[in-house]
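One structure is given here, and the rest of the page talks about it.
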């Protein structure tokens, strides 16, 4: 499944290499040459992952990572640091700042893609192509199909994304606002009650195999997907 990746890198040659390789793997790429431009882009919409160069003109990548982790809206965006620094203390500093992973230059495209996949699987599993199955309910992002105990179920595109997110974050309660951000996208201005409409449609689609019971309402809080 494609992800939106923000590349914060000031060297044009590396920018182009990253854009090409990420694009080859189906990812959408945004590019910022410095921290200030990155912050402008982040005010518009949130990417699924940030590739952040350590050495940037002006504000360093380390300082930008600190700012992102201190911002309630941005703190959960996964970050992979890119740097020519190879000493252990530099790696520790990058990770202590809040980076999810650290990759040293030069790196192979294969290694980078493996790191990206691993971070997304850990921090944003709904962005991976891995099938997920809970209590006989199986969702395959590649074929865009859902099965309940082996029976095909018909879901609309929004209900599919909603179910995928809930299945990759089971037993966690999400408010309507959080679901809007994660499923519909940050800065999408729709009514929170829209979530209720799609939850009803999702339950209806899962009802033939009894899996509608997995979608639970938590009074006063939001919704969760139960594993039993």
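Throughout, read-outs are computed from the coordinates displayed, never taken from laboratory work. In this text, all values refer to a predicted model and were calculated from it rather than measured experimentally. No Cβ is skipped: glycine too gets one built from the backbone with ideal geometry, and neighbour counts run over all protein chains shown.
Listing for the model above:
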read-out: DSSP bridge pairs, the chain: antiparallel proportion in percent, nearest 5; value: 45 percent
read-out: Share of alpha-carbon pairs per 5 Å distance bin for segment 132-225, given as whole %; value: 3, 14, 28, 27, 18, 9, 3, 0
read-out: Mean separation of Cα contacts under 8 Å (6+ apart) over length of segment 4-127, as relative contact order %; value: 22 percent
read-out: Neighbour-count ranking [beta-carbon atoms within 10 angstrom, fewest first] of 50, 215; value: 215, 50
read-out: Pair residue 227, residue 45: separation of 7 Å Cα→Cβ label points (nm); value: 3.3 nm
read-out: Once the Cα gyration tensor of segment 1-146 is diagonalised, semi-axes √(5λ) in Å; value: 27, 16, 15
read-out: Average Cα contact separation per residue, the chain, under 8 Å, 6 or more apart, as relative contact order %; value: 14 percent
read-out: Candidates 59, 81, 167, ranked by Gaussian network fluctuation over the chain, Cα under 10 Å, top entry; value: 59
read-out: Gyration tensor (alpha-carbon) shape descriptor, segment 158-208, a/c threshold 1.5; value: oblate
read-out: Förster-model FRET efficiency, 35 Å R0, residue 192 and residue 28, C-beta, rounded to 0.05; value: 0.85
read-out: Length-normalised contact order for segment 157-228 - Cα pairs under 8 Å, 6+ apart - percent; value: 41 percent
read-out: Ranking of 198, 164 by count of other Cβ atoms within 10 Å, fewest first; value: 198, 164
read-out: Viscosity 1.002 mPa s, temperature 20 °C, Stokes-Einstein D of segment 68-146 from Kirkwood C-alpha radius, µm²/s; value: 147 µm²/s
